[in-house]
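Here's the structure we're looking at; comments come further down.
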Amino acid sequence: MTNLEARPQENVCRAGPRGGDVELIEPRDVPLGGPRAMTVRRTLPSKQRSLVGPFCFLDHYGPNDIAVSGGMDVPPHPHAGLQTVTWLFDGQVLHRDSIGSVQTIAPGQLNLMTAGRGISHSEEGTLARFPGQRQLSGIQLWTALPDAHRHLAPTFEHVAQVPSVVLDGALVRVLLGELGGVSSPAHAYSPLVAAQLDLPAGAVVRVPVRAAFEHAVLLDLGELTVAGRPVPLGSLAYLAPGVEELVLEAGDRPARAVLIGGEPFDEQVLMWWNFVGRTHEEVVEARAQWQAAIAGADEGRRRFGAVVGYDGAPLPAPELPNVRLVPRRR
């Protein structure tokens, strides 16, 4: 998924301070483009917090009536310096990328794209692509790649069924990392965890976690408290490092949540549009090379390639601001 904000903020991302209680991060609505656009709810990056471990981006969408919203139709667009993590609750999405991957994803499956030095991809979850599809909901996460790995050749992984475990009656599906004694086969470049938790009504679930990690819990469905604090639907509950057990309690209805976490990312990274770099110059160069790629220039194609099979033109990059990209106050 791309960031389609017309004026994307430049974000220098840092891990948050240690200690403290549950901090709630409210989402903001961001359209995916077009007059009948599907709207996503974005909690990372936010004014409160740029990172949770290496996770630097969290979009949450649905449940969307595709007949009304038009569904997801994101033309080819670039990424660099990050991994994209696609996870669905309802519906299907077709992924195509410039290294030749063509993969439909459904609930319970994971798509993980490592952009490395550069890749482009498209995503389609529309009635035209899936005529029987009526609802679409899910999340997309980005992780910032550490400096030692951010110039790797791009790769794509599909996990047809992620591992799961039952904790205190809750079904826990592990997307990335390890939780509850089970580990995802998907490749991560930083110590991290991501999981879906489905809690029965009234359940109290104690999730053992690594004290060195910071964590955040997104509520997708039902009612939930995290460490005794109610979490509104679509909001993100953040907990600083030092916690060895997360206590989650469902309300009168079943609850569905997503847990993310990781060691605080100790590198400062500059994020603008779909690029995670380190300097203003890197971002300017990446944008110029993408614009060259969509114009058919060999220089740009060597970095970002081209998506074959998507019926439409690629997305041009937004205009850069007329000032140097600099750190934004937290």
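Name the single residue, out of those in the range 160-173 being of a type in the set (A, V, I, L, M, F, W, C), within 12 Å of residue 184 (Cβ to Cβ) and surrounded by 18 or more Cβ atoms within 10 Å (Cβ to Cβ), that is nearest to the chain's Cα centre (by Cα). Within the range 160-173, the match that is nearest to the chain's Cα centre (by Cα) is 162. Scanning the range 265-315 for residues that are buried (at least 20 other Cβ atoms within 10 Å of the Cβ), part of a loop (DSSP other than H, G, I, E, B) and out of contact with any Pro (no Cβ under 6 Å at 6 or more places or on another chain) returns a single hit, 305. Test residue 42 against the stated conditions and say whether it is among the basic types (Lys, Arg), closer than 29 Å to residue 291 by Cα and not in a strand (DSSP E or B). No.
Only one entry of 165, 68 meets the criterion of being outside any strand (DSSP E or B), more than 30 Å from residue 285 (Cα to Cα) and of a type in the set (Val, Ile, Thr), and that entry is 68. Of all the numbered requirements in (1) assigned to a loop (DSSP other than H, G, I, E, B); (2) crowded, with 23+ Cβ neighbours inside 10 Å, residue 113 misses one, and that requirement is (1). In the range 138-158, the residue that is nearest to residue 71 (Cα to Cα) out of those that are crowded, with 18+ Cβ neighbours inside 10 Å and among the β-branched types (Val, Ile, Thr) is 139.
Coordinate-derived values only; no laboratory data. Please read all numbers here as calculations on a predicted model, not as lab measurements. As a convention, Cβ positions derive from the backbone with ideal geometry for all residues, glycine included, and neighbour counts pool all protein chains shown.
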